[in-house]
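Participant: Shown below is the structure under consideration.
The values are calculated or read from the model by the stated rules, or taken from the named source; none is laboratory data. As the structure is a prediction and not an experimental result, all values here were calculated from the model. With ideal geometry, Cβ positions are generated from the backbone for all residues, glycine too; neighbour counts draw on all protein chains shown.
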Amino acid sequence: MKDLLKNSIKGLVCALVLALVSGIGAVTASAGTLSADLDGDGEKEQIVWDEDDPDTITVNNTGVLNAVDVLSSDFDAEGFGVSVIDICKKDKYKEISINSYLSGSFDCYIFRYDNGKITKYAELSDVDEFITVKTKNRIKIRTYLFVHGIGNIRVDEVYKVKNGKVTLKTKTYKPNGENETKTFKSKKEMIIFKSNNWTKVAGTVKPGEKFTLVKFVSDKNGEYTNLYIKTESGKKGWINTSEYDYANFMIENPPLWG
């Protein structure tokens with residue numbers, strides 16, 4: 001799962017995640033405890049943990065989960081939290097999410113409680129914020145991706161989570177409304193192509209010209225260099241920023257927050 005997001009810049013705040021996810025799963029929470037019907041039997045399970053010591057997480061005093069093993073790669077993280085989400089509204093289960101966070105970004109380890117046992121179900125990495133948990137086993141999250149020549153862009157990602165497997169469904173990324181910078185000013189002349197086959201030219205972006213980033217996709221190296229833009233004069237098309245790196249930008253004042 002980590003390989004899916006290698007190009008992202010780690011941008012959910014724990015209290016926000018717990019509030020959002022609690023609403024999704026209809027869970028009531030107090031410090032170190034959660035109460036929810038995890039297995040659909042009509043009885044609420046009691047989830048208990050120590051926020052300062054993740055050695056043990058229990059459900060109804062049984063099914064002890066050793067979170068140290070789970071979070072071994074993140075044990076230097078700034079903290080962790082436990083929440084309940086409902087990945088699929090059509091099944092009887094709700095899932096337990098252990099959120100290990102560092103610098104505002106989370107790794108989410110998802111578990112399922114069944115027949116008195118806790119088993120690992122799935123994992124999501126580099127999460128900034130849960131947006132929705134939908135039917136058809138879909139989870140939407142908000143995170144940051146680094147776009148070559150531009151900087152850090154917030155995007156929404158949709159994942160399919162089924163039978164313990166996580167699959168990224170988003171093919172073309174779009175900036176969302178929370179991006180602080182929506183219009184950019186070019187520092188260099190760039191060729192605009194009608195498609196990202198880079199054959200037919202649609203025009204150019206002049207130095208100092210403003211444009212909006214509409215969407216972007218990854219190249220064969222998995223880096224986001226294929227950008228679809230719209231200029232202030234109305235020209236639309238694809239530009240290739242593969243020659244730019246993290247210290248070389250095609251725009252003024254690149255967004256580097258996150």
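Participant: Select, from 215, 230, the only residue that is surrounded by fewer than 18 Cβ atoms within 10 Å (Cβ to Cβ) and within 27 Å of residue 127 (Cα to Cα).
Facilitator: On the way: 230 fails: within 27 Å of residue 127 (Cα to Cα).
Residue meeting the stated conditions: 215.
Participant: Would you check which residues across region 37-82 are at pLDDT 85 or above and at negative phi and list them? Spell out how you get there, then give the answer.
Facilitator: Just the residues of region 37-82 that are at pLDDT 85 or above, to begin with: 37-48, 59-60.
37, 38, 39, 41, 43, 44, 45, 46, 47, 48, 59, listed by residue number.
Participant: For region 154-258, please list each of the strands (runs of 3 or more DSSP E) lying entirely inside it that holds at least 2 residues being in contact with a helix residue (DSSP H, G or I) (Cβ under 9 Å, 6 or more places away or on another chain). Give the steps one after another, and end with the answer.
Facilitator: Working: elements: 165-168, 183-185, 190-193, 201-205, 210-217, 226-231, 236-240.
The qualifying strands (runs of 3 or more DSSP E) are 165-168.
Participant: Among 119, 167, which is the only one that is within 15 Å of residue 84 (Cα to Cα), outside the structural domain of residue 229 (by TED's automatic domain parsing) and surrounded by fewer than 16 Cβ atoms within 10 Å (Cβ to Cβ)? Don't jump to the end; show me each part of the working.
Facilitator: Working: 167 fails: within 15 Å of residue 84 (Cα to Cα).
On inspection, the qualifying residue turns out to be 119.
Participant: Would you confirm whether or not region 189-203 contains a residue that is surrounded by 15 or more Cβ atoms within 10 Å (Cβ to Cβ) and under 11 Å from residue 150 (Cβ atoms)?
Facilitator: Taking every residue of region 189-203 in turn, none turns out to be surrounded by 15 or more Cβ atoms within 10 Å (Cβ to Cβ) and under 11 Å from residue 150 (Cβ atoms).
Participant: Also: Report, by residue number, each residue of region 170-199 that is at pLDDT 90 or above and under 14 Å from the mean Cα position of the chain (by Cα).
Facilitator: Those that are at pLDDT 90 or above and under 14 Å from the mean Cα position of the chain (by Cα): 173, 174, 175, 176.
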